[in-house]
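Participant: Shown below is the structure under consideration.
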Amino acid sequence: MNNKVLIPCIYLKQGKAVEGFGKTKIFEDGDAVGLAETYGNNGADELLVFDLSSNDTEHEEAIGCIKKIVQKAEIPVIGAGNVKRMEDVKKLIYAGCEKAVLNFSKPGNVSILEEVSKKFGKEKILVSIFMISEYRNHKELIETYAGGILCFESIQEDIKKETSLPILLHSNNMEKEEMRQVLKEDQYDGISGQYVSSPSLDYMKLKKEWSQLGISMNTFESSIAWSDFKLNSDGMIPVIVQDYKTDEVLMLAYMNELAFQTTLETGKMTYWSRSRNELWTKGLTSGHIQYVKSLTLDCDHDTILARVSQIGAACHTGNKTCFFQELVKKPYDDMNPLRVFQDVYDTIMDRKIHPKDGSYTNYLFEKGIDKILKKVGEECTEIVIAAKNPDKEEIKYEISDFLYHVMVLMAEKGVTWEDITRELARRH
């Protein structure tokens, strides 16, 4: 059985979060990107974003905002609203949305369902239904080419009797207990709407509660019991903390059983302070919270590796990592591919911001996009030629030249390695 999902929603109007359909009043402070980050950090499973733009210019701005939302939310994002043609679905998917929604109250969306489903895969496409006739009139098409249905509460009883597809229910009127009853039914995959869109909602606590009542929810449950851990003389286990994006080691701390269980329940790294002899949730006062991505036990069961999303600095000194005081070092080349790419990219960006006389990189930026594209094309051709040579050294040099020029192009167009790796991660 799949876990049921809680899906807060953001109504996006002119770059701001508003209170809902047809509303202009700002929701919270209107910061849609910050709101998405809050939802993701607090344990929401997915995020639904409605683009309420009224013209093409606003739509393009909304797509840019959705791209930022995807990056900050760190949970799957479903894009909806203002889809008129296949190009709009492509923009949502390329912005990083896990799924796109076709509104079946619009005939144009009905006509493109088969095409977008075949291009992007039916698992990427949801159909939104406001009236049961929208489903009944196109039942075969929807069942064949949609991956699920986003329905509104006025038709939930009708739609669940007629479709075999998974349903996401959007409700602005249901309260907690009504939602729990809905999620008990197999056909509902998740629920969205007003109640689950409160920024103050403790999703981890709610999911734990509903899980204990028999609903399959995405909670942190340890596969190995605390009693099977090998503890030190103080009854604790050391925890090595690592940034999940960069693999940088951030700090070392200790957990007792209470700290471990609190971490699982809240999704926030919690330790036992040996100096203060008390429970310590990292960042509770500083705001530099560590959100759990994974906890892994070593082969001897005596050390935990925690991969986290670190907000701000991990060290009390203000450094990103506690490990910054170099003692000895033998010169070596850093062979971590992503770090090497990032270092070169950072140097290119520095040249763009702080031009340097005689710099070839600055020469390319000064000549502009046509020159950069010409060099990328030339280097690509050089790779093809070098590949016919049995000596791999030549192709190594040509690929390096190509990647450098591609990074200049990335810098010129504002594309980062995080953008690229995020897209590649979505494809494997």
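Participant: Between residue 420 and residue 387, with labels modelled 7 Å along Cα→Cβ, what's the label distance in nm to one decimal, could you check?
Facilitator: Using points 7 Å along Cα→Cβ, the separation is 1.7 nm.
Participant: Testing the spin-label approximation: label points 7 Å from Cα along Cα→Cβ at residue 215 and residue 115. State their distance in nm.
Facilitator: Between residue 215 and residue 115, the simple spin-label model gives 3.9 nm.
Participant: With a cut-off of at most 16 other beta carbons within 10 Å, and DSSP calling the residue loop, which GluC sites (Glu not before Pro) in the stretch 324-386 qualify? Please list them.
Facilitator: In loop regions of the stretch 324-386 (DSSP not H, G, I, E or B), the sparsely surrounded GluC sites (Glu not before Pro) are 326.
Participant: Continuing with the same structure: At a temperature of 20 °C and a viscosity of 1.002 mPa s, determine how fast the stretch 154-242 diffuses translationally according to Stokes-Einstein, using the Kirkwood radius over alpha-carbon pairs as Rh; express D in µm²/s, rounded to the nearest whole number.
Facilitator: In µm²/s, the coefficient is 133.
Participant: From the C-alpha coordinates alone, can you work out the Kirkwood hydrodynamic radius of the stretch 261-403, in Å?
Facilitator: 20.3 Å
Participant: Using the 4.7 Å Cβ rule, please list in number order the cysteines from the chain without any candidate partner.
Facilitator: Cysteines of the chain left without a disulfide-compatible partner: 9, 65, 97, 151, 299, 380.
Participant: Using Cα pairs closer than 8 Å and at least 6 residues apart in sequence, work out the relative contact order for the stretch 53-120, in percent.
Facilitator: 29 percent
Participant: Please state the relative contact order of the chain as a whole percent: Cα pairs under 8 Å, 6+ residues apart?
Facilitator: 9 percent
Participant: I've got another one for you. Taking loop as defined by DSSP and a crowding limit of 10 other beta carbons within 10 Å, which trypsin sites (Lys or Arg not before Pro) in the stretch 1-68 fit?
Facilitator: 25
Participant: Tell me, in nm to one decimal, what length is gained between residue 336 and residue 303 on full extension, where the rule is 0.36 nm per residue of separation less the Cα-Cα distance?
Facilitator: The span from residue 336 to residue 303 would gain 9.4 nm if fully extended.
Participant: Continuing with this model, one more query. Taking only C-alpha pairs under 8 Å that are 6+ residues apart, what is the relative contact order of the stretch 212-343 in percent?
Facilitator: 22 percent
Participant: Ok, one more. Give me the 1.4 Å probe accessible area per residue for the stretch 373-417, excluding ligands and nucleic acids, in Å².
Facilitator: 61 Å²
Participant: How far is the Cα center of the stretch 147-219 from the Cα center of the stretch 106-130, in Å?
Facilitator: 23 Å
Participant: Right, here's the next one. Assuming R0 = 35 Å, what is the FRET efficiency of residue 60 and residue 346, from their Cβ-Cβ distance, to the nearest 0.05?
Facilitator: E between residue 60 and residue 346, to the nearest 0.05, is 0.75.
Participant: Another one. Just list whichever of 16/293; 67/367; 207/268; 68/122 have alpha carbons separated by over 19 Å in the model shown.
Facilitator: 16/293; 67/367; 68/122
Participant: Would you mind counting up the charge near residue 138? Only other residues with Cβ under 13 Å from its Cβ, with Lys and Arg at +1 and Asp and Glu at -1.
Facilitator: Residues close to residue 138 contribute a combined charge of -2.
Participant: Which of the three applies to the stretch 110-214, rounded, prolate or oblate, going by the alpha-carbon gyration tensor with a ≥ b ≥ c and a/c under 1.5 meaning rounded?
Facilitator: Cα axes put the stretch 110-214 in the prolate bin.
Participant: Moving on. Using only protein heavy atoms and a 1.4 Å probe, report how much of residue 426 is accessible, in Å² to the nearest 10.
Facilitator: Ignoring ligands and nucleic acids, residue 426 comes out at about 70 Å².
Participant: OK, next. In nm, give the distance between the simple-model label positions of residue 105 and residue 133, each being 7 Å from the Cα along the Cα-to-Cβ direction.
Facilitator: 1.3 nm
Participant: How large is the accessible surface per residue of the stretch 166-291, computed with a 1.4 Å probe and reported in Å² as a whole number?
Facilitator: 49 Å²
Participant: How much of the accessible area of the chain, probe 1.4 Å, is carbon plus sulfur, in whole percent?
Facilitator: Carbon and sulfur: 52 percent of the exposed surface of the chain.
Participant: Scan (i) 1.43; (ii) 1.01; (iii) 1.14 for the value of Cα Rg over 2.2 N^0.38 Å calculated from this model and give just the label.
Facilitator: (iii)
Participant: Send over a whole-number figure in Å² for the accessible area per residue of the stretch 47-116, probe 1.4 Å.
Facilitator: With all protein chains present, the stretch 47-116 gives 38 Å² per residue.
Participant: A further question follows. At q = 0.17 Å⁻¹, what log₁₀ I(q)/I(0) does the stretch 6-70 have when each alpha carbon counts as one equal point scatterer in the Debye sum?
Facilitator: Log10 of I(q)/I(0), two decimals: -0.52.
Participant: Can you check what the net charge comes to around residue 121, using other residues whose Cβ is under 15 Å from the Cβ of residue 121 (Lys, Arg +1; Asp, Glu -1)?
Facilitator: That works out to +4.
Participant: Want the number for residue 396 to residue 153: 0.36 nm per residue separation, take away the alpha-carbon distance, what's left?
Facilitator: Roughly 81.6 nm would be gained on extension.
Participant: Based on DSSP H runs of at least 4 residues, each adding -39500 (n - 2.57), what is the mean residue ellipticity at 222 nm of the chain after dividing by all its residues, to the nearest 500 deg cm²/dmol?
Facilitator: About -12500 deg cm²/dmol.
Participant: Here is a follow-up. Quick one: net charge around residue 284, please, counting Lys, Arg +1 and Asp, Glu -1 for every other residue with C-beta under 15 Å from its C-beta.
Facilitator: Once positives and negatives cancel, what remains is 0.
The values are calculated or read from the model by the stated rules, or taken from the named source; none is laboratory data. Remember, predicted model here, so these are calculated numbers, not experimental data. Heads up, the Cβs are rebuilt from the backbone with ideal geometry, glycines too, and the neighbour counts pull from every protein chain shown. These accessible areas exclude ligands, DNA and RNA; they are computed on the full protein's heavy atoms, side chains included. Shrake-Rupley method; radii C 1.70, N 1.55, O 1.52, S 1.80 Å.
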